[in-house]
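Working notes for the structure below.
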Amino acid sequence: MFSREVLPMKRLLSMLLMSAVITVTNTALSIPLSPSLLPSQQNKEEQITREIQVAFPDFVVVSLKSGNRVTGNFLDLNNLSLIISFKDYVAGIPLSDIQSIEFKDQVLIPANQSVICQQSNNQCRRVPLSQNQEQEPTIMESIPLASLSLFRGSKTALLTITEPLQYDENENLNYLSNKNIHIINSLEIDESGELITLSFIPSKR
């Protein structure tokens with residue numbers, strides 16, 4: 001009698017174990033969801049790439065890291081140096097020596113974004129830059145210097161914004177319109193020489 005009762009119990013245990021194995025196997029084969037992918041995709045979609053046109057006024061006051069100041073007419077800016085002229089002299093100042101650049105005097109305003117201004121003509125009008133404008137300047141921080149594309153020999157450049165920047169609560173990205181020309185008011189260079197902080201005053205063309 002004892003042996004006849006044992007066999008059904010073994011079969012029952014065997015069936016339970018098989019069902020447990022099947023259940024575990026099915027769970028293991030299911031592909032886990034990765035909720036972290038969705039926010040990263042949303043962040044990429046929210047990034048904005050925009051080109052705005054900026055203009056450099058004629059005169060610069062350069063504050064050097066040594067504490068000295070240099071003034072002159074703005075000629076060019078590249079990833080290595082600032083080129084200025086004073087009277088009959090042309091000088092290149094390494095960016096590694098510069099702390100900040102303040103722009104003054106007059107500025108060329110292009111008629112539209114396709115115009116590159118080098119001198120006054122029908123498409124580029126020269127206007128005085130007032131440092132006491134009622135409008136507060138817009139400040140952009142930690143911009144790669146490589147994002148600033150200055151046309152050689154011109155006072156006009158394109159600034160490419162490829163990621164969200166820090167704005168005041170009242171600022172709107174739509175404010176950076178190609179209908180405006182953005183006049184550079186000042187430029188600061190960080191210790192690496194690769195990132196800049198721009199202060200500019202948007203103005204109608």
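Worth pointing out:
- Extension gain (nm, one decimal) between K65 and N178, 0.36 nm per residue minus Cα-Cα: 37.2 nm
- Volume per residue that the Cα convex hull of region 73-154 spans, once the total is divided by residue count, Å³: 140
- Electrostatic tally near L198: other residues with Cβ closer than 13 Å to its Cβ, Lys and Arg +1, Asp and Glu -1, net -4.
- Summing charges over all other residues whose Cβ lies under 12 Å from the Cβ of E102, with Lys and Arg as +1 and Asp and Glu as -1, gives 0.
- Cβ-defined net charge surrounding I184, 10 Å radius [Lys, Arg +1; Asp, Glu -1]: 0
- As a fraction of the 1.4 Å probe accessible area of region 80-160, surface on carbon and sulfur atoms comes out at 47 percent.
The values are calculated or read from the model by the stated rules, or taken from the named source; none is laboratory data. What you are looking at is a predicted structure, and each value in this text was computed from that prediction instead of being measured. No Cβ is skipped: glycine too gets one built from the backbone with ideal geometry, and neighbour counts run over all protein chains shown. All accessible areas refer to the heavy atoms of the entire protein, side chains included, with ligands and DNA or RNA removed. Shrake-Rupley method; radii C 1.70, N 1.55, O 1.52, S 1.80 Å.
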